[in-house]
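Q: The structure that follows is given in the form of structure tokens.
Readers should treat all values here as calculations from the given coordinates under stated rules, not as data from a laboratory. Just so we're clear, the structure is a prediction, and the values are computed from it rather than from any experiment. With ideal geometry, Cβ positions are generated from the backbone for all residues, glycine too; neighbour counts draw on all protein chains shown.
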């Protein structure tokens with residue numbers, strides 16, 4: 001499968017595919033006041049523009065093994081890119097509450113499908129460079145958020161709300177065109193179902209870790225721009241601040257890609273970035289108006305490194321492509337369900353006229369929990385070298 005595509009070329013394509021997986025979420029935050037004015041959204045409804053797609057990402061991820069067995073990873077990702085293109089394009093026709101929520105659900109389903117299938121494809125086709133390609137894919141996801149955040153308000157000023165939200169479809173079209181040649185190469189791809197066994201206790205820890213960690217990302221993605229808009233910043237400035245945060249995430253993601261091989265014990269980088277993330281959240285709690293650059297830098301490094309690390313740690317526990325697909329679908333499926341709650345909680349808090357400080361405090365407590373969980377992630381090399389019957393039993 002994909003024998004004619006070099007690891008370097010595939011890594012570039014995977015990065016471009018990753019660029020598409022956050023604009024439909026990241027483009028709405030800087031347009032908070034515009035959506036309130038033109039679409040009539042309150043804070044809770046606004047939060048649903050993040051909560052709904054993230055929840056759908058979870059549901060779609062749970063279907064990953066089914067899609068992998070029926071149509072294969074390459075064709076499944078093609079389908080996901082096509083649906084994402086449709087979702088983005090539909091936003092060019094309506095910004096009504098129903099239209100926005102419907103495209104959020106459709107976009108989330110397509111993103112979840114791609115995120116569930118890509119790891120299995122990487123694990124199967126590029127075993128030797130899997131961790132590096134996976135890191136680049138996840139870094140592409142964060143880079144797409146940066147582009148969307150920085151361009152949202154300028155596109156609105158240049159075009160209109162509808163067209164600004166629909167512009168993400170251009171990138172989806174590019175990714176789809178680059179992916180189509182891979183579909184022809186994958187003809188004859190084996191899609192037979194492979195029975196795998198996973199440790200329920202370890203899967204639960206990985207799910208909780210991914211969910212709470214991604215909750216920090218979705219909370220900041222949805223509510224950092226409104227936080228600064230409510231503090232008197234312009235929509236464009238708040239978008240640039242979110243872009244600065246996501247660019248910091250990208251840099252952190254590239255650093256993970258370059259350095260992860262030096263840390264077979266993932267706990268060292270995990271705990272380091274979690275402490276940075278905690279420091280950034282505490283800055284928002286105690287000094288949100290006075291330290292925007294410092295808090296954004298800390299949040300960007302923490303979230304940007306945590307996202308690929310959480311995927312890599314999950315990846316480490318899979319010994320075969322089938323197990324990678326099944327494990328990632330469970331971890332992402334349940335994890336995104338958890339992550340979807342954080343923006344919604346913040347929206348409800350905002351509508352009740354209570355300071356968002358309580359949402360940042362809840363997230364800070366979640367990071368402390370993540371540190372405790374991270375300490376349990378001992379290297380899994382020994383599990384991978386044991387006989388398969390013993391390793392499959394798990395903990």
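Q: May I ask for the angle, rounded to the nearest 10°, between helix 292-316 and the longest principal axis of the chain, with both axes built from Cα atoms and the value confined to 0 to 90°?
A: The helix 292-316 is inclined about 20 degrees to the chain.
Q: Compute the angle between helix 97-125 and the longest alpha-carbon principal axis of the chain, please, reported from 0 to 90 degrees and rounded to the nearest 10.
A: 30 degrees
Q: Using only the Cα atoms of the range 93-158, build the gyration tensor, take square roots of its eigenvalues as a ≥ b ≥ c, and label the shape rounded, prolate or oblate: rounded if a/c is under 1.5, else prolate if a/b is larger than b/c, else oblate.
A: Since a/c reaches 1.5 but b/c is at least a/b, the shape of the range 93-158 is classed as oblate.
Q: Multiply the residue gap between residue 185 and residue 230 by 0.36 nm, knock off their C-alpha separation, and tell me the result in nm, one decimal place. List each step's numbers first, then the result.
A: Numbers: separation 45, 0.36 × 45 = 16.20 nm, distance 5.10 nm.
Length gained, residue 185 through residue 230: 11.1 nm.
Q: Helix 321-351 sits at what angle to the longest principal axis of the chain, using alpha carbons and giving 0 to 90 degrees rounded to 10?
A: Between helix and principal axis, roughly 10 degrees.
Q: Oh, and also: If each residue's Cβ is checked for other Cβ atoms within 10 Å, how do 127, 214 rank with the fewest at the top? Let's see the in-between values first.
A: Numbers: 127 9, 214 25.
Ascending Cβ contact count within 10 Å gives the list 127, 214.
Q: By how many nm would the segment from residue 378 to residue 159 lengthen if fully extended, with 0.36 nm per residue of separation less the alpha-carbon distance?
A: Numbers: separation 219, 0.36 × 219 = 78.84 nm, distance 5.13 nm.
So the extension gain works out to 73.7 nm.
Q: Then there is this: Rounded to whole Å and sorted largest first, list the principal axis extents of the Cα atoms in the chain.
A: Taking the Cα atoms of the chain, the three principal extents are 60, 43, 31 Å.
Q: For each of 283, 88, count neighbouring Cβ atoms within 10 Å of the residue's Cβ, then give the residues from fewest to most. The partial results should precede the final answer.
A: Values: 283 20, 88 26.
Ordered from fewest to most neighbouring Cβ atoms within 10 Å, 283, 88 come out as 283, 88.
Q: Please rank 38, 249, 153, fewest neighbouring Cβ atoms within 10 Å first, as an exposure proxy.
A: If I rank by nearby Cβ atoms, fewest first, I get 38, 153, 249.
Q: What is the chain's relative contact order, in percent, from Cα pairs under 8 angstrom and six or more apart in sequence? If you can, show how the numbers build up before the last one.
A: Values: 684 pairs, mean separation 111.7, N = 395.
Over the chain, the number comes to 28 percent.
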